[in-house]
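A.B. asks: This is the structure I want to talk about, given as C-alpha coordinates.
The values are calculated or read from the model by the stated rules, or taken from the named source; none is laboratory data. The structure presented is a predicted model; accordingly, all values stated were derived computationally and were not measured. Cβ atoms come from the backbone with ideal geometry, glycine included; neighbour counts cover every protein chain shown. We work out accessible area using only protein heavy atoms, side chains counted, and drop any ligands, DNA or RNA first. Shrake-Rupley method; radii C 1.70, N 1.55, O 1.52, S 1.80 Å.
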Amino acid sequence: MSRHPATRDHCLSLVRSVDRPTGGARYGRMFPDLEPLGTDPHVLMRAGADGGICDAAAALDPGAALDPEAGGDAEQAAGWPFFGQLLAHDTTADRSPIAGGVDTDALRNARSPRLNLEMLYADGPIGAPYLFDRDDPAKFLLGAGGYDVPRNPQGVALIGDPRNDVHLFSLSLHVALLRAHNRIVDSLRASGVPEEDVFEQARVTLTWHYQWIVVHDFLPRLVGRPLVDEVLEDGGKWFAPEPLQAFIPLEFADAAYRYGHGQIRHAYRLVEGGPELPLFPDLVGFGPVRQRLDLTQVFDVPGHPPAQRAKRLDGRLAASLIGLPEQVTGAVDETAYKSLAVRDLLRGDTTGLPSGEEVAKLLGVPPLPEGTWPGGTPLWFYILKESEYLGAGDRLGPVGGRIVAEVLIGLLRADPASYLSLEPDWQPNLPAAGETFGLTDLLIPAGSH
(Lines give C-alpha, C1' and ligand atoms only; values in the text may rest on other atoms or scores of the structure.)
Protein backbone atom coordinates (compact mmCIF):
# COMPACT_ATOMS: atom_id res chain seq x y z
CA MET A 1 0.00 0.00 0.00
CA SER A 2 1.30 3.47 -0.89
CA ARG A 3 2.65 5.61 1.94
CA HIS A 4 1.55 8.77 0.15
CA PRO A 5 -1.86 10.34 -0.46
CA ALA A 6 -3.22 9.68 -3.93
CA THR A 7 -2.72 12.28 -6.63
CA ARG A 8 -2.30 12.38 -10.39
CA ASP A 9 -0.02 14.02 -12.91
CA HIS A 10 -2.32 16.15 -15.03
CA CYS A 11 0.09 16.69 -17.92
CA LEU A 12 1.18 13.03 -17.96
CA SER A 13 -2.15 11.30 -18.45
CA LEU A 14 -2.87 7.84 -19.83
CA VAL A 15 -6.27 9.09 -20.93
CA ARG A 16 -4.78 10.50 -24.13
CA SER A 17 -3.72 7.91 -26.70
CA VAL A 18 -0.53 9.83 -27.50
CA ASP A 19 0.60 9.27 -23.92
CA ARG A 20 0.03 5.53 -23.79
CA PRO A 21 3.07 3.25 -23.80
CA THR A 22 3.69 1.99 -27.31
CA GLY A 23 6.44 -0.52 -26.61
CA GLY A 24 8.02 -2.69 -23.98
CA ALA A 25 10.75 -0.31 -22.87
CA ARG A 26 11.51 -0.66 -19.20
CA TYR A 27 13.30 1.33 -16.59
CA GLY A 28 16.26 -0.27 -14.86
CA ARG A 29 19.01 0.45 -12.37
CA MET A 30 22.51 1.76 -12.92
CA PHE A 31 23.64 0.67 -9.44
CA PRO A 32 21.49 -2.39 -8.71
CA ASP A 33 23.49 -3.53 -5.69
CA LEU A 34 22.93 -0.37 -3.64
CA GLU A 35 20.19 -0.38 -1.03
CA PRO A 36 17.30 2.13 -1.15
CA LEU A 37 17.69 5.12 1.16
CA GLY A 38 14.14 4.95 2.51
CA THR A 39 13.58 8.42 3.98
CA ASP A 40 10.35 9.18 5.84
CA PRO A 41 8.03 10.72 3.18
CA HIS A 42 6.82 13.37 5.62
CA VAL A 43 10.41 14.56 6.05
CA LEU A 44 10.74 14.78 2.29
CA MET A 45 7.50 16.74 2.00
CA ARG A 46 8.60 19.25 4.63
CA ALA A 47 11.96 19.69 2.93
CA GLY A 48 10.47 20.33 -0.49
CA ALA A 49 7.43 22.36 0.49
CA ASP A 50 6.99 26.10 0.86
CA GLY A 51 9.53 27.36 3.39
CA GLY A 52 11.59 24.14 3.34
CA ILE A 53 15.28 23.76 2.56
CA CYS A 54 14.53 23.38 -1.17
CA ASP A 55 12.62 26.67 -1.36
CA ALA A 56 14.84 29.41 -2.78
CA ALA A 57 12.38 32.07 -1.73
CA ALA A 58 12.88 31.04 1.88
CA ALA A 59 16.60 31.74 1.68
CA LEU A 60 16.96 34.50 -0.87
CA ASP A 61 15.52 37.86 -1.65
CA PRO A 62 13.54 37.06 -4.85
CA GLY A 63 15.44 39.82 -6.62
CA ALA A 64 18.80 38.29 -5.77
CA ALA A 65 18.50 35.56 -8.39
CA LEU A 66 18.04 38.24 -11.03
CA ASP A 67 21.16 40.15 -10.03
CA PRO A 68 24.47 38.67 -11.24
CA GLU A 69 26.31 40.58 -8.51
CA ALA A 70 24.23 38.72 -5.92
CA GLY A 71 25.55 35.34 -7.08
CA GLY A 72 22.23 33.99 -8.36
CA ASP A 73 23.32 33.63 -11.97
CA ALA A 74 25.22 30.65 -13.35
CA GLU A 75 27.75 30.62 -16.17
CA GLN A 76 25.50 29.12 -18.86
CA ALA A 77 22.61 30.82 -20.62
CA ALA A 78 19.08 30.44 -19.30
CA GLY A 79 17.83 28.38 -22.23
CA TRP A 80 20.01 25.33 -21.65
CA PRO A 81 17.93 23.67 -18.90
CA PHE A 82 14.89 23.91 -21.18
CA PHE A 83 16.79 22.16 -23.95
CA GLY A 84 17.67 19.54 -21.34
CA GLN A 85 13.97 19.21 -20.59
CA LEU A 86 13.28 18.38 -24.23
CA LEU A 87 15.90 15.62 -24.08
CA ALA A 88 14.08 14.16 -21.08
CA HIS A 89 10.78 14.24 -22.96
CA ASP A 90 12.47 12.57 -25.94
CA THR A 91 13.74 9.62 -23.91
CA THR A 92 11.55 9.16 -20.83
CA ALA A 93 7.91 9.17 -19.84
CA ASP A 94 6.96 7.51 -16.58
CA ARG A 95 3.15 7.44 -16.37
CA SER A 96 2.93 5.95 -12.88
CA PRO A 97 1.41 7.99 -10.03
CA ILE A 98 3.83 10.28 -8.20
CA ALA A 99 2.86 8.67 -4.92
CA GLY A 100 4.01 5.27 -6.08
CA GLY A 101 1.92 2.14 -5.73
CA VAL A 102 3.55 0.54 -8.81
CA ASP A 103 6.28 -2.07 -8.47
CA THR A 104 9.42 -0.43 -9.83
CA ASP A 105 10.21 -3.59 -11.80
CA ALA A 106 6.92 -3.11 -13.64
CA LEU A 107 7.45 0.55 -14.54
CA ARG A 108 7.14 1.15 -18.26
CA ASN A 109 8.72 3.91 -20.29
CA ALA A 110 6.24 5.39 -22.77
CA ARG A 111 9.15 6.67 -24.85
CA SER A 112 11.70 4.62 -26.72
CA PRO A 113 15.04 5.06 -24.91
CA ARG A 114 16.64 6.83 -27.87
CA LEU A 115 17.60 10.39 -28.73
CA ASN A 116 15.63 10.18 -31.96
CA LEU A 117 13.26 13.18 -31.79
CA GLU A 118 10.26 10.93 -31.21
CA MET A 119 8.78 13.91 -29.36
CA LEU A 120 8.74 15.75 -32.71
CA TYR A 121 8.04 13.11 -35.32
CA ALA A 122 5.79 10.70 -33.40
CA ASP A 123 4.70 8.17 -36.06
CA GLY A 124 5.51 10.41 -39.04
CA PRO A 125 3.22 11.69 -41.79
CA ILE A 126 1.48 8.32 -42.14
CA GLY A 127 0.88 7.48 -38.48
CA ALA A 128 0.44 11.05 -37.19
CA PRO A 129 -0.85 13.05 -40.19
CA TYR A 130 -2.28 15.79 -37.94
CA LEU A 131 1.28 16.97 -37.26
CA PHE A 132 2.08 17.56 -40.92
CA ASP A 133 1.00 19.88 -43.71
CA ARG A 134 -1.74 18.15 -45.71
CA ASP A 135 -0.61 19.93 -48.88
CA ASP A 136 3.09 19.24 -48.24
CA PRO A 137 3.36 16.24 -45.91
CA ALA A 138 7.17 16.32 -45.85
CA LYS A 139 6.83 19.45 -43.70
CA PHE A 140 5.44 20.02 -40.24
CA LEU A 141 2.26 22.04 -39.94
CA LEU A 142 2.78 25.21 -37.92
CA GLY A 143 0.28 27.34 -36.04
CA ALA A 144 -0.64 30.97 -36.47
CA GLY A 145 2.30 33.10 -37.59
CA GLY A 146 4.63 30.10 -37.64
CA TYR A 147 5.53 30.43 -33.93
CA ASP A 148 3.03 28.02 -32.41
CA VAL A 149 2.01 24.45 -33.02
CA PRO A 150 -1.37 23.79 -34.65
CA ARG A 151 -4.21 23.44 -32.17
CA ASN A 152 -7.70 22.05 -32.15
CA PRO A 153 -10.72 24.39 -31.73
CA GLN A 154 -10.33 24.16 -27.93
CA GLY A 155 -6.67 25.24 -28.03
CA VAL A 156 -5.18 21.80 -27.32
CA ALA A 157 -1.83 21.39 -29.04
CA LEU A 158 -1.44 18.97 -31.94
CA ILE A 159 2.07 17.99 -30.97
CA GLY A 160 4.30 14.93 -30.75
CA ASP A 161 4.59 15.18 -26.96
CA PRO A 162 1.99 17.21 -25.01
CA ARG A 163 4.55 17.87 -22.27
CA ASN A 164 6.37 20.23 -24.64
CA ASP A 165 3.36 22.52 -24.40
CA VAL A 166 3.71 22.91 -20.62
CA HIS A 167 5.28 26.39 -20.81
CA LEU A 168 6.43 28.96 -23.33
CA PHE A 169 10.10 27.91 -23.28
CA SER A 170 9.64 24.23 -24.09
CA LEU A 171 7.05 25.09 -26.72
CA SER A 172 9.30 27.72 -28.32
CA LEU A 173 12.16 25.22 -28.58
CA HIS A 174 9.80 22.60 -30.00
CA VAL A 175 8.56 25.03 -32.65
CA ALA A 176 12.14 26.06 -33.47
CA LEU A 177 12.94 22.40 -34.17
CA LEU A 178 9.85 22.08 -36.37
CA ARG A 179 10.98 25.10 -38.33
CA ALA A 180 14.50 23.63 -38.61
CA HIS A 181 13.04 20.46 -40.17
CA ASN A 182 11.07 22.53 -42.66
CA ARG A 183 14.18 24.51 -43.63
CA ILE A 184 16.06 21.26 -44.19
CA VAL A 185 13.24 20.04 -46.46
CA ASP A 186 13.59 23.21 -48.56
CA SER A 187 17.37 22.75 -48.73
CA LEU A 188 17.12 19.11 -49.80
CA ARG A 189 14.65 19.94 -52.52
CA ALA A 190 16.87 22.75 -53.77
CA SER A 191 19.77 20.28 -54.00
CA GLY A 192 17.72 17.89 -56.14
CA VAL A 193 16.88 15.13 -53.67
CA PRO A 194 14.01 13.00 -55.06
CA GLU A 195 10.70 13.92 -53.47
CA GLU A 196 10.09 10.41 -52.16
CA ASP A 197 13.32 10.65 -50.13
CA VAL A 198 12.95 14.20 -48.84
CA PHE A 199 11.11 13.55 -45.58
CA GLU A 200 13.32 10.70 -44.42
CA GLN A 201 16.53 12.53 -45.30
CA ALA A 202 15.29 15.64 -43.49
CA ARG A 203 14.41 13.58 -40.41
CA VAL A 204 17.83 11.92 -40.31
CA THR A 205 19.62 15.22 -40.93
CA LEU A 206 17.82 16.98 -38.09
CA THR A 207 18.16 14.00 -35.74
CA TRP A 208 21.91 13.61 -36.30
CA HIS A 209 22.57 17.32 -35.83
CA TYR A 210 20.50 17.18 -32.62
CA GLN A 211 22.45 14.14 -31.38
CA TRP A 212 25.76 15.80 -32.23
CA ILE A 213 24.70 18.90 -30.26
CA VAL A 214 23.90 16.71 -27.23
CA VAL A 215 27.42 15.23 -27.27
CA HIS A 216 29.48 18.24 -28.33
CA ASP A 217 27.57 21.31 -27.11
CA PHE A 218 25.12 20.36 -24.35
CA LEU A 219 27.09 17.76 -22.38
CA PRO A 220 30.41 19.66 -22.23
CA ARG A 221 28.57 22.63 -20.70
CA LEU A 222 26.80 20.41 -18.18
CA VAL A 223 29.45 17.90 -17.10
CA GLY A 224 32.72 19.23 -18.56
CA ARG A 225 34.62 18.28 -21.70
CA PRO A 226 37.10 15.89 -19.97
CA LEU A 227 34.33 13.58 -18.75
CA VAL A 228 32.61 13.63 -22.16
CA ASP A 229 35.89 12.74 -23.88
CA GLU A 230 36.54 9.94 -21.37
CA VAL A 231 33.14 8.31 -21.91
CA LEU A 232 33.43 8.66 -25.68
CA GLU A 233 36.87 7.04 -25.67
CA ASP A 234 36.50 4.38 -22.98
CA GLY A 235 32.75 3.74 -22.91
CA GLY A 236 30.55 3.76 -19.86
CA LYS A 237 31.78 2.10 -16.67
CA TRP A 238 28.32 1.78 -15.17
CA PHE A 239 25.98 2.09 -18.17
CA ALA A 240 26.89 0.51 -21.49
CA PRO A 241 23.87 -1.34 -22.92
CA GLU A 242 24.24 -3.48 -26.03
CA PRO A 243 22.60 -2.31 -29.28
CA LEU A 244 18.80 -2.42 -29.06
CA GLN A 245 19.04 -3.27 -25.33
CA ALA A 246 18.89 0.26 -23.94
CA PHE A 247 16.83 1.16 -20.89
CA ILE A 248 16.51 4.25 -18.73
CA PRO A 249 18.20 4.00 -15.32
CA LEU A 250 16.01 5.25 -12.48
CA GLU A 251 19.07 6.98 -11.00
CA PHE A 252 19.07 9.10 -14.17
CA ALA A 253 15.34 9.65 -14.67
CA ASP A 254 14.38 10.23 -11.04
CA ALA A 255 17.48 12.02 -9.73
CA ALA A 256 20.44 13.12 -11.85
CA TYR A 257 18.48 14.32 -14.86
CA ARG A 258 16.12 16.36 -12.72
CA TYR A 259 19.02 18.75 -12.10
CA GLY A 260 17.46 21.33 -14.44
CA HIS A 261 14.69 22.10 -11.97
CA GLY A 262 17.37 23.84 -9.90
CA GLN A 263 18.41 26.03 -12.85
CA ILE A 264 15.06 27.74 -13.37
CA ARG A 265 15.24 31.48 -12.70
CA HIS A 266 12.80 33.38 -10.52
CA ALA A 267 11.77 35.40 -13.59
CA TYR A 268 12.54 35.82 -17.29
CA ARG A 269 12.57 38.62 -19.83
CA LEU A 270 11.01 37.44 -23.10
CA VAL A 271 12.05 40.36 -25.30
CA GLU A 272 14.65 43.11 -24.98
CA GLY A 273 13.37 45.73 -22.55
CA GLY A 274 10.34 43.65 -21.60
CA PRO A 275 9.12 42.89 -18.07
CA GLU A 276 10.53 39.96 -16.08
CA LEU A 277 7.96 37.22 -15.55
CA PRO A 278 8.02 34.03 -13.45
CA LEU A 279 7.76 30.73 -15.32
CA PHE A 280 4.55 29.80 -13.51
CA PRO A 281 1.84 30.90 -13.69
CA ASP A 282 2.67 33.70 -16.15
CA LEU A 283 4.26 31.55 -18.86
CA VAL A 284 2.29 28.34 -18.40
CA GLY A 285 1.24 26.64 -21.61
CA PHE A 286 -1.60 24.33 -22.64
CA GLY A 287 -3.17 27.02 -24.82
CA PRO A 288 -2.42 29.24 -27.81
CA VAL A 289 0.78 31.27 -27.56
CA ARG A 290 -0.08 34.69 -26.16
CA GLN A 291 3.42 36.19 -26.24
CA ARG A 292 6.44 35.33 -28.32
CA LEU A 293 9.85 34.49 -26.88
CA ASP A 294 12.93 35.97 -28.52
CA LEU A 295 15.36 33.06 -28.21
CA THR A 296 18.32 35.44 -28.15
CA GLN A 297 17.14 36.43 -24.67
CA VAL A 298 17.91 32.93 -23.34
CA PHE A 299 20.74 31.76 -25.64
CA ASP A 300 23.98 33.50 -26.50
CA VAL A 301 23.91 34.38 -30.20
CA PRO A 302 26.69 36.19 -32.10
CA GLY A 303 25.82 39.81 -32.73
CA HIS A 304 23.48 40.02 -29.74
CA PRO A 305 24.05 41.05 -26.12
CA PRO A 306 24.69 38.18 -23.68
CA ALA A 307 21.52 36.29 -22.82
CA GLN A 308 20.03 35.92 -19.36
CA ARG A 309 21.79 33.23 -17.35
CA ALA A 310 20.41 30.10 -15.73
CA LYS A 311 20.04 30.04 -11.96
CA ARG A 312 22.99 28.59 -10.04
CA LEU A 313 22.56 25.02 -8.82
CA ASP A 314 22.34 25.06 -5.01
CA GLY A 315 19.59 22.66 -4.00
CA ARG A 316 16.88 25.33 -4.02
CA LEU A 317 14.08 25.84 -6.51
CA ALA A 318 12.48 29.08 -7.66
CA ALA A 319 9.19 30.05 -6.03
CA SER A 320 7.20 29.32 -9.20
CA LEU A 321 8.27 25.65 -8.96
CA ILE A 322 7.46 25.37 -5.27
CA GLY A 323 3.89 26.37 -6.07
CA LEU A 324 3.03 24.83 -9.45
CA PRO A 325 -0.30 25.83 -11.03
CA GLU A 326 -3.17 23.37 -11.33
CA GLN A 327 -2.79 23.29 -15.13
CA VAL A 328 0.43 21.36 -14.49
CA THR A 329 -0.35 19.31 -11.38
CA GLY A 330 -4.07 18.71 -11.75
CA ALA A 331 -6.15 18.59 -8.58
CA VAL A 332 -4.06 17.45 -5.61
CA ASP A 333 -5.06 16.17 -2.19
CA GLU A 334 -1.95 17.55 -0.49
CA THR A 335 -0.79 21.16 -0.88
CA ALA A 336 2.80 19.90 -0.81
CA TYR A 337 2.22 18.16 -4.15
CA LYS A 338 2.19 21.59 -5.78
CA SER A 339 5.93 21.69 -5.16
CA LEU A 340 8.21 20.25 -7.84
CA ALA A 341 10.85 19.69 -5.15
CA VAL A 342 8.42 17.51 -3.20
CA ARG A 343 7.63 15.58 -6.35
CA ASP A 344 11.31 15.06 -7.12
CA LEU A 345 12.09 13.89 -3.59
CA LEU A 346 9.10 11.55 -3.40
CA ARG A 347 9.79 10.08 -6.82
CA GLY A 348 13.30 9.08 -5.74
CA ASP A 349 11.84 7.53 -2.61
CA THR A 350 9.07 5.56 -4.33
CA THR A 351 11.51 4.15 -6.89
CA GLY A 352 13.92 3.09 -4.16
CA LEU A 353 16.96 5.15 -5.06
CA PRO A 354 20.11 4.91 -2.93
CA SER A 355 21.61 7.86 -1.09
CA GLY A 356 23.99 10.20 -2.85
CA GLU A 357 26.72 9.27 -0.39
CA GLU A 358 26.47 5.56 -1.25
CA VAL A 359 26.63 6.26 -4.98
CA ALA A 360 29.67 8.48 -4.44
CA LYS A 361 31.45 5.72 -2.51
CA LEU A 362 30.66 3.19 -5.25
CA LEU A 363 32.09 5.52 -7.89
CA GLY A 364 35.21 6.09 -5.80
CA VAL A 365 34.37 9.75 -5.22
CA PRO A 366 34.79 11.34 -1.77
CA PRO A 367 31.25 11.98 -0.46
CA LEU A 368 30.18 15.47 0.47
CA PRO A 369 30.72 16.44 4.13
CA GLU A 370 28.37 14.82 6.61
CA GLY A 371 25.35 16.83 7.55
CA THR A 372 24.12 17.52 4.04
CA TRP A 373 21.09 15.44 5.05
CA PRO A 374 20.80 13.46 8.30
CA GLY A 375 20.84 9.71 7.70
CA GLY A 376 21.83 9.94 4.05
CA THR A 377 20.96 12.42 1.33
CA PRO A 378 18.31 11.73 -1.33
CA LEU A 379 20.16 11.30 -4.61
CA TRP A 380 18.41 14.18 -6.40
CA PHE A 381 19.20 16.68 -3.64
CA TYR A 382 22.73 15.32 -3.24
CA ILE A 383 23.46 15.92 -6.92
CA LEU A 384 22.27 19.53 -6.66
CA LYS A 385 24.41 20.17 -3.58
CA GLU A 386 27.38 18.43 -5.19
CA SER A 387 27.00 20.86 -8.10
CA GLU A 388 27.02 23.76 -5.67
CA TYR A 389 30.07 22.62 -3.71
CA LEU A 390 32.18 21.05 -6.47
CA GLY A 391 30.93 22.71 -9.63
CA ALA A 392 30.41 26.28 -8.39
CA GLY A 393 26.73 25.85 -9.22
CA ASP A 394 27.57 25.90 -12.93
CA ARG A 395 27.86 22.22 -13.80
CA LEU A 396 27.21 18.79 -12.37
CA GLY A 397 29.72 17.23 -10.00
CA PRO A 398 31.33 13.78 -10.28
CA VAL A 399 28.24 11.76 -9.28
CA GLY A 400 25.63 13.66 -11.28
CA GLY A 401 27.97 14.23 -14.20
CA ARG A 402 28.94 10.55 -14.43
CA ILE A 403 25.31 9.40 -14.45
CA VAL A 404 24.18 11.92 -17.07
CA ALA A 405 27.18 11.55 -19.40
CA GLU A 406 27.18 7.76 -19.37
CA VAL A 407 23.43 7.49 -19.91
CA LEU A 408 23.08 9.97 -22.76
CA ILE A 409 26.15 8.67 -24.61
CA GLY A 410 25.17 5.09 -23.80
CA LEU A 411 21.71 5.60 -25.29
CA LEU A 412 23.26 6.89 -28.50
CA ARG A 413 25.68 3.97 -28.70
CA ALA A 414 22.85 1.47 -28.15
CA ASP A 415 20.80 3.01 -30.97
CA PRO A 416 21.92 1.40 -34.26
CA ALA A 417 20.51 4.37 -36.19
CA SER A 418 22.39 7.11 -34.31
CA TYR A 419 25.31 8.99 -35.79
CA LEU A 420 27.52 7.68 -32.98
CA SER A 421 26.77 4.10 -34.05
CA LEU A 422 26.84 4.53 -37.82
CA GLU A 423 29.39 7.30 -38.37
CA PRO A 424 31.08 8.28 -35.09
CA ASP A 425 33.36 10.76 -36.89
CA TRP A 426 30.46 12.45 -38.67
CA GLN A 427 30.41 16.26 -38.57
CA PRO A 428 27.44 18.65 -38.95
CA ASN A 429 26.90 20.01 -42.45
CA LEU A 430 24.29 22.68 -41.76
CA PRO A 431 25.49 26.32 -41.73
CA ALA A 432 27.21 27.54 -38.56
CA ALA A 433 27.82 31.11 -37.38
CA GLY A 434 31.19 30.18 -35.88
CA GLU A 435 33.87 27.55 -36.31
CA THR A 436 31.84 24.89 -34.51
CA PHE A 437 28.19 24.01 -35.07
CA GLY A 438 26.02 24.45 -31.99
CA LEU A 439 22.46 24.50 -30.76
CA THR A 440 21.86 28.13 -31.64
CA ASP A 441 22.80 27.42 -35.28
CA LEU A 442 19.91 24.95 -35.38
CA LEU A 443 17.36 26.98 -33.45
CA ILE A 444 18.23 30.50 -34.60
CA PRO A 445 19.78 30.41 -38.08
CA ALA A 446 21.64 33.45 -39.37
CA GLY A 447 19.29 36.04 -40.86
CA SER A 448 16.28 34.93 -38.79
CA HIS A 449 16.88 37.31 -35.86
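A.B. asks: Just checking, how many residues over region 260-295 are part of a loop (DSSP other than H, G, I, E, B), within 19 Å of residue 151 (Cα to Cα) and of a type in the set (Val, Ile, Thr)?
C.D. replies: Counting residues in region 260-295 that are part of a loop (DSSP other than H, G, I, E, B), within 19 Å of residue 151 (Cα to Cα) and of a type in the set (Val, Ile, Thr) gives 1.
A.B. asks: Can you give me the number of residues within region 172-183 that are open to solvent by less than 10 Å² (accessible area, probe 1.4 Å) and touching a residue at least 40 places away in the same chain (Cβ under 8 Å)?
C.D. replies: Residues meeting the conditions: 7.
A.B. asks: Can you tell me which residues in region 141-160 are of a type in the set (Gly, Ala, Ser) and open to solvent by less than 50 Å² (accessible area, probe 1.4 Å)?
C.D. replies: 143, 146, 155, 157, 160
A.B. asks: Continuing with the same structure: Kindly check whether there is at least one residue in region 337-352 that is closer than 27 Å to residue 115 by Cβ and surrounded by fewer than 21 Cβ atoms within 10 Å (Cβ to Cβ).
C.D. replies: So far as region 337-352 goes, yes, one or more of its residues are closer than 27 Å to residue 115 by Cβ and surrounded by fewer than 21 Cβ atoms within 10 Å (Cβ to Cβ).
A.B. asks: Please find, among 348, 376, the residue that is in a loop (DSSP other than H, G, I, E, B) and touching a residue at least 40 places away in the same chain (Cβ under 8 Å).
C.D. replies: Going through 348, 376 in turn, the sole match is 376.
A.B. asks: To continue, here is another question. For residue 275, all conditions in the list (1) of a type outside the set (D, E, K, R); (2) touching a residue at least 40 places away in the same chain (Cβ under 8 Å); (3) open to solvent by 20 Å² or more (accessible area, probe 1.4 Å) hold save one; what is the number of the exception?
C.D. replies: Unmet condition: (2).
A.B. asks: For region 390-430, which positions are outside any helix (DSSP H, G or I) and either acidic (Asp, Glu) or out of contact with any helix residue (DSSP H, G or I) (no Cβ under 7 Å at 6 or more places or on another chain) (or both)?
C.D. replies: Of everything in region 390-430, those that are outside any helix (DSSP H, G or I) and either acidic (Asp, Glu) or out of contact with any helix residue (DSSP H, G or I) (no Cβ under 7 Å at 6 or more places or on another chain) (or both) turn out to be 391, 392, 394, 415, 416, 417, 423, 424, 425, 427, 429.
For (1) out of contact with any helix residue (DSSP H, G or I) (no Cβ under 9 Å at 6 or more places or on another chain); (2) of a type in the set (S, T, N, Q); (3) farther than 30 Å from residue 353 by Cβ, each residue gets a yes or a no:
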residue: 258; (1), (2), (3): no, no, no
residue: 262; (1), (2), (3): no, no, no
residue: 266; (1), (2), (3): no, no, no
residue: 271; (1), (2), (3): no, no, yes
residue: 275; (1), (2), (3): yes, no, yes
residue: 293; (1), (2), (3): no, no, yes
residue: 296; (1), (2), (3): no, yes, yes
residue: 304; (1), (2), (3): no, no, yes
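A.B. asks: Separate question: Out of the helices (runs of 4 or more DSSP H) lying entirely within region 135-230, which hold 3 or more residues that are of a type in the set (Asp, Glu)?
C.D. replies: Filter on region 135-230 gives 195-213.
A.B. asks: Sticking with this structure for a sec: Just one of 167, 216, 209 is under 23 Å from residue 80 (Cα atoms) and in contact with a Ser or Thr (Cβ under 9 Å, 6 or more places away or on another chain); which is it?
C.D. replies: 216
A.B. asks: Looking at (1) surrounded by fewer than 22 Cβ atoms within 10 Å (Cβ to Cβ); (2) touching a His at 6+ places or on another chain (Cβ under 7 Å), find the lone condition where residue 202 falls short.
C.D. replies: The single condition residue 202 does not satisfy is (1).
A.B. asks: Looking at region 241-259, is at least one residue at pLDDT 95 or above, part of a helix (DSSP H, G or I) and closer than 30 Å to residue 303 by Cβ?
C.D. replies: no
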